[in-house]
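The values are calculated or read from the model by the stated rules, or taken from the named source; none is laboratory data. Because the structure is a prediction, the values reported are computed rather than measured. Cβ sites come from the backbone with ideal geometry, for glycine too, and all protein chains shown count toward neighbours. Ligands, DNA and RNA are stripped out before the accessible areas are found, and what is left, the full protein with its side chains, is counted by its heavy atoms. Shrake-Rupley method; radii C 1.70, N 1.55, O 1.52, S 1.80 Å.
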Amino acid sequence: METDNCRLASVLLAALLLPGALPAAESNNGPYARIAVLRPNDGDTVDFEAGYIRHLEFHRQAKDTWTWYGWSIWAGDRQRWFVYATFGHSALSLDNPVPPAEDERDNVRNVTPHAEFVGNALYEYLPALSRGTGEPQPTARLELTTVDLGPGAEKPFEAALAAVQPTLQAETLWYRMVAGGAAPRYVRLRPRSSLSALLDEKSQQALPAEAHALVAKITLEILTLRPTMSYGLAPVRR
């Protein structure tokens, strides 16, 4: 009996070590994020928001297991545009969204009559440059910094950020763009409870001098979380 039990244990251990044998929750977690942008049609913001909320109901009925953040851009050249994002995915989980054809049909029905899809990019979270996890805390405000570099500047840029990572005082999340726009591109997210909290930390907006010298363009925006236009979020942190 002991020999049989030992054999059974060996078989089960081998099965767990096989590719694809990891538990679903573990195989779905990873470093990838999708960040996309919608531009509401002029004068159509109310209908856009109502249509987007209806589209989230499709995700609910489809039993979507992903979490979706929704923000309105409050400060920046893209004021009133809408940013939606999902974080913490493995490459495997990105292959298994809600049914794409049904998702597209519902988008065409509820969202595209009132807005234009103007951006959709895939990013990889960079923990060595960050303070926090790959998924931002759901706070009322979010500072979004987009950094475009010159060609070949990725390694020295990341090295400069890594050197100051130990000095970060609050949640600061860096992501490298994998696909979806001009490269090389990075984004930084700084979730905060209020506008005053962001303003009190404005000295932390600046990049280290070694990194700034590598930047071709930098854009700084402040976003407002829209809980009713989000899906699966924990309560907003204050």
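Scan W74, W66 and give me the residue that is more than 21 Å from E102 (Cα to Cα) and of a type in the set (F, W, Y). Write out each step before concluding.
On the way: W66 fails: more than 21 Å from E102 (Cα to Cα).
Sole residue among the options that is more than 21 Å from E102 (Cα to Cα) and of a type in the set (F, W, Y): W74.
Applying the criterion of being part of a helix (DSSP H, G or I) and of a type in the set (A, V, I, L, M, F, W, C) to the residues of region 30-82, the residue that is most open to solvent (accessible area, probe 1.4 Å) is V46. Here region 184-238 is the region considered, the condition is being open to solvent by less than 60 Å² (accessible area, probe 1.4 Å), of a type in the set (V, I, T) and modelled with pLDDT of 95 or more, and the residue that is farthest from the chain's Cα centre (by Cα) is V215.
Checking the stated criteria, Q165 turns out not to satisfy the condition of being of a type outside the set (A, V, I, L, M) and exposed (fewer than 15 other Cβ atoms within 10 Å of the Cβ). Against the list (1) touching a helix residue (DSSP H, G or I) at 6+ places or on another chain (Cβ under 6 Å); (2) at pLDDT 95 or above; (3) buried (at least 18 other Cβ atoms within 10 Å of the Cβ), the condition A85 fails is (1).
Here's the yes/no breakdown for (1) touching a residue at least 40 places away in the same chain (Cβ under 8 Å); (2) aliphatic (A, V, I, L, M); (3) under 20 Å from A234 (Cβ atoms):
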site	(1), (2), (3)
Y32	yes, no, no
R54	yes, no, no
Y69	yes, no, yes
R80	yes, no, no
F87	yes, no, yes
A101	no, yes, no
N110	yes, no, no
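Within region 175-202, residues that are closer than 12 Å to L142 by Cα and without any contact (Cβ under 8 Å) to a residue 40 or more places away in the chain have Cβ atoms under 6 Å from residues that are part of a loop (DSSP other than H, G, I, E, B) and open to solvent by less than 50 Å² (accessible area, probe 1.4 Å) in no pair, counting only partners at least 6 apart in sequence or on another chain.
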